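Read-outs: derived from the displayed coordinates by stated rules, not from any lab. Keep in mind that this is a model prediction, so the values were computed, not measured. Every residue, glycine as well, gets a Cβ built from its backbone with ideal geometry; the counts of neighbours run over all protein chains shown.
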């Protein structure tokens, strides 16, 4: 009985809507409101050259050779400007620096170069120093803590006569670049994912949860 009542109600509603549609046939539409119509769907405005600067020429400073790449992006401000390079870059050597990216850990930072040495960090945080000319391994350091429970991320930066490293285990280290000896270690207890930035004697690091620290590059004091 309930199903029949629902069916009857549905048919009545359909009939009423049909009557409303039929009654609107033949009626004229109301006149549009006065005023200028502007399209709200025009997402890309037309770009036209500025006639006032059409005679201004584009000039670049002379390219310069760059021997070092001490930080992520080349420098603290990430602006290396007009670098000199051959038209086609060719690989000179290739070496294995350790653990590669996997489902559990990934290499998230590129190597840095200073004083003819390439410093790299693998997916597990192991740091290697290699000759920039031939790729010969100079030293290797595993900075993972004894209670290593897995971690990835971090990075390297070089400034003055010090190599700085942050790890996915929450440590910041100051290293001797010639030997890899740990000069100081500052545990911040929060994993790091990105390379540090060095400006003057300050080392700036950011944790995975966006906390920022400024450390003294000489001794690691916060």
Exercise for review: For each of 146, 176, 27, count neighbouring Cβ atoms within 10 Å of the residue's Cβ, then give the residues from fewest to most.
Suggested key: 146, 27, 176
Exercise for review: Give me 109, 212, 167 ranked fewest to most by other Cβ atoms within 10 Å of their Cβ, as a rough exposure proxy.
Suggested key: 212, 109, 167
**Study point:** Spin-label pair residue 218/residue 185, simplified geometry with 7 Å Cα→Cβ offset, distance in nm
**Key:** 2.4
Point to revise | Cα centroid of the range 112-152 to Cα centroid of the range 78-99, whole Å | key: 18
Practice item. Could you please rank 80, 192, placing first whichever residue has the fewest other Cβ atoms within 10 Å of its Cβ? Key: 80, 192
Practice item. Report, as a whole number in µm² per second, the diffusion coefficient that Stokes-Einstein gives for the range 63-217 at 25 °C and 0.890 mPa s using the Kirkwood radius over alpha carbon pairs. Key: 154
Practice item. Treat each spin label as a single point 7 Å out from the Cα along the C-beta direction, and report the residue 147 to residue 84 distance in nm. Key: 5.3
